[in-house]
Structure formats: C-alpha cells, structure tokens
Ligand SMILES: N[C@@H](CCC(=O)N[C@@H](CS)C(=O)NCC(=O)O)C(=O)O
C-alpha cells in the first residue's frame, strides 16, 4: 500500500503514529510529496502520480490495490478495523462515543492550525488578521477543553490520544508554547507521551518545496 505523506502535516502524522503504534510499518510504502507554498491559495500539482491517485489532492492518501482512502479519518478507521482489532478506537458503545468526542475537539484544533497556516501563507495585503484571530481563539478553547479531559485519559495510547498529541506537537512546532499556560496538565501529559518511539519518529519538519 502506498501512503502519500509530508513531514509537516499533522493529518499525516496521526496516520503514521497509528501505523507505528500498531506495529504494521512494513505493510506501507511511504511516498513523500513536495508542495510549493502556493498550495494555500492555488491548485498545485505536487506529483503526477499523487494527482492521479486522488481527486482531492490532499495528504494523507492511502492507495490500496482495491481503493484509495483520501483523508486521515477514513485511513485511521481502516487501520483500526483491518489491522488494529479496534485497539485505536472501540468498535461501538459509550467508549467509542467518548473517544470520538475528544477526537472531534482535537481535529478542531488541527483544522484551525492548518487554516491559519494557509492564511499566513497569503501575501500580507490579502491576509485576514480577523480570520487568524478566530482560528487562534478556537485553538485555545479546544486546548482548554482537552485540559479538562486529561484526568480521564486511559492507559491505551488510542486514536483520541494520538490526535490530541499531534495537535499539541504541531502547535509547539508551528506557533509556539502559549497554549501550555492555558492547558498545563495537557502539556505535562504531552511531554510524557512525546517520548514514545512513534512520536519521536514523526516529529514535524518543513515540507519539501516542489
Ligand atoms: N480532513 C483531511 C484534511 C487533509 C488536509 O487538509 N491536508 C493538507 C495538509 S496538512 C493538504 O493536503 N493540503 C493541501 C491542499 O489543501 O491543497 C484529513 O483528515 O486528512
């Protein structure tokens, strides 16, 4: 299976951490994609093979022999069901809905982080500081909400924890450490889980330019 990736993407990171945590790295060929900064506002063609693999042209995308999954949610669902015996996310029941509640908040952070990044890549005269402020406010509210959930985090580094850790890691890397004052328990938890080999192996780095 071919997984299209870049080292900067938090959406890619939640998939790759899931793969490493499940111990199934050898089943995947990682295909690096390159992106010019113009991706934020223009249609760009990172790689002809990738363009052919998905009409969405976003990463991550996973091409299997039978089908292509074109977002991190469906890929994580596939990994969890096909290879994880539902270890990353319970198949059903209240534990599933509780996990999805945290996942949706952590996803809200990542969506805001990436929207803000795209806005910051616009030229200064096009950029909306109101929009950037709105995304920052959302990120902070969501970090504060996850802070309240930390005491209930379980022993398994599941998809809710993986997605939360990826949101924390992207924030530290791209936007700095202000969130830590608003969410000190979350920050301490993140520092502990960051030592896991899967987190160490996927530390964010700038996307190669096309
Ligand atoms: N909801 C999607 C979001 C994927 C996404 O936005 N990926 C970004 C990189 S972090 C991307 O490929 N952006 C390129 C573009 O929008 O043209 C997922 O969960 O995979």
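The values are calculated or read from the model by the stated rules, or taken from the named source; none is laboratory data. Quick caveat: nothing in here was measured; it's all calculated off a predicted structure. Glycine gets a Cβ as well: all are built from the backbone with ideal geometry, and neighbour counts include every protein chain shown.
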Selection over segment 34-85 where residues are within 12 Å of the ligand (Cβ to nearest atom) and under 16 Å from the mean Cα position of the chain (by Cα) yields a count of 14
When (1) assigned to a helix (DSSP H, G or I); (2) surrounded by fewer than 18 Cβ atoms within 10 Å (Cβ to Cβ) are applied to residue 209, the one that fails is (1)
When residues of segment 20-72 are limited to those that are under 21 Å from residue 162 (Cβ atoms), in contact (Cβ under 8 Å) with a residue 24 or more places away in the chain and in contact with a strand residue (DSSP E or B) (Cβ under 7 Å, 6 or more places away or on another chain), the one surrounded by the fewest Cβ atoms within 10 Å (Cβ to Cβ): 30
Take the conditions within 22 Å of residue 170 (Cα to Cα), within 11 Å of the ligand (Cβ to nearest atom) and out of contact with any strand residue (DSSP E or B) (no Cβ under 9 Å at 6 or more places or on another chain) and apply them to residue 136. Does it pass? no
Could you please give the count of residues in segment 137-195 that are part of a loop (DSSP other than H, G, I, E, B) and either surrounded by 17 or more Cβ atoms within 10 Å (Cβ to Cβ) or in contact with a helix residue (DSSP H, G or I) (Cβ under 6 Å, 6 or more places away or on another chain) (or both)? 4
With criteria (1) more than 9 Å from the ligand (Cβ to nearest atom); (2) more than 25 Å from residue 209 (Cα to Cα); (3) surrounded by 14 or more Cβ atoms within 10 Å (Cβ to Cβ), residue 5 comes up short on (2)
So which of 75, 114 is touching a strand residue (DSSP E or B) at 6+ places or on another chain (Cβ under 7 Å) and touching a residue at least 12 places away in the same chain (Cβ under 8 Å)? 75
Considering only residues that are away from the ligand (no atom under 16 Å from the Cβ), at pLDDT 95 or above and either exposed (fewer than 15 other Cβ atoms within 10 Å of the Cβ) or assigned by TED's automatic domain parsing to the domain that holds residue 15 (or both), which ones fall in segment 97-123? 97, 101
